[in-house]
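A short worksheet on the structure shown next.
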Amino acid sequence: MLKDGELGVIIQRDKQTYAVAPHIPCGVVSPDTLRKIAAAAEKFKAAAIKITSAQRIAIVGLDSADIESVWADLGMEKGAAVGLCVRSIKACPGTTFCKRGIKDSLGMGMQLDKLYHGLELPGKMKMGVSGCPNQCAETCIKDIGLVGMPKGWKLFVGGNGGAMPRLAVEFAAELDDSQALGLIDKLVNFYRQNAKPHQRFGLMIDRMGGIEAFKQAFADFSKA
């Protein structure tokens, strides 16, 4: 019996079969990759192919004996679907494709993916990048999120979904790309040094006394 995350698997409801989720940065996938996924699903008799809420494609219902062969056929990086780490970065089409896009959310999402996907942290972390205030990347429920505005990026922190959902709060505004990336890097490092095991970003903020106390602690951290 494989454990969640071992060889990149996710245990299924029957406790006998597994899913794998190849890494697909920001949900952008080529026709060749789709063909590889379809071929592997057919060859190893998968129960289903599921497009996930995290912009991944999961091959569901695989036998443990086939997992290594599935990955060999795919030739793809394993997606960080489970574990205490930065999960897949969710991004909307932004100015690359969407008529409502204000900022290049897809380009920014790809940069964040290269920097942080799979990075081990005290708890799981989800990031989102939306190219306009419509927030199609569900930025408002991400640990760290960016929203494109006419004067630059707004940066939000502390959101999450789950059994106890919470909305993220605005942390900074009118950021250019370089400022946004620099601030996110400091936030990730602050979280890595200050969060308790399994504690999401928002709960860390609560433990520190709320958003204003967190901002002060972060300011002191940034000066050090």
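The values are calculated or read from the model by the stated rules, or taken from the named source; none is laboratory data. This is a predicted model, so every value here is computed, not measured. Cβ: placed from backbone, ideal geometry, glycine included. Neighbour counts: every protein chain shown. The protein model used for the area step is the full one, side chains on, heavy atoms only, and it has no ligands, DNA or RNA in it. Shrake-Rupley method; radii C 1.70, N 1.55, O 1.52, S 1.80 Å.
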Applying a 4.7 angstrom Cβ cut-off across the chain, unpaired cysteine residues come out as Cys26, Cys85, Cys98, Cys132, Cys140
Output for the range 108-165 (equivalent-ellipsoid semi-axes, sqrt of 5λ from the C-alpha gyration tensor, Å, descending) is 19, 15, 8
Labelled set [x] 48, 42, 29; [y] 43, 42, 29; [z] 54, 41, 29; Cα extents along the principal axes in Å computed from this model equals the value at [z]
With DSSP loop assignment and no more than 15 other C-beta atoms within 10 Å, the trypsin sites (Lys or Arg not before Pro) in the range 35-128 are Lys45, Lys99, Arg100
For the range 55-129, the accessible surface attributable to carbon and sulfur atoms (probe 1.4 angstrom, ligands and nucleic acids excluded) amounts in percent to 49 percent
Rounded to the nearest 500, the 222 nm mean residue ellipticity computed for the chain from DSSP H runs (n ≥ 4, each -39500 (n - 2.57)) alone is -10000 deg cm²/dmol
Taking the convex hull of the alpha-carbon atoms of the range 1-60 and averaging its shadow over every direction gives an area in square nanometres of 4.3 nm²
quick note, the chain, DSSP beta bridge pairs, % antiparallel (nearest 5) is 75 percent
quick shape note, the range 1-130: Cα extents on principal axes in Å, largest first -> 47, 36, 23
Taking protein heavy atoms only, a 1.4 Å probe, and rounding to whole percent, the accessible area of the range 183-224 owed to carbon and sulfur comes out at 51 percent
From the cross-link list Lys126/Lys151; Lys90/Lys114; Lys15/Lys50; Lys99/Lys126; Lys50/Lys90, the entries with a Cα-Cα span beyond 21 Å are Lys126/Lys151; Lys99/Lys126
Relative contact order in percent for the chain (Cα pairs under 8 Å, 6+ apart) equals 13 percent
Expressed per residue, the solvent accessible area of the range 129-169 in Å² (1.4 Å probe) is about 42 Å²
In nanometres, the difference between 0.36 nm per residue of separation and the alpha-carbon distance of Ser222 and Ala163 is 18.0 nm
Per 5 angstrom bin, beginning at 0 and ending with the bin that holds the maximum distance, the Cα pairs of the range 91-209 fall in percents of 2, 13, 23, 25, 19, 11, 5, 1, 0
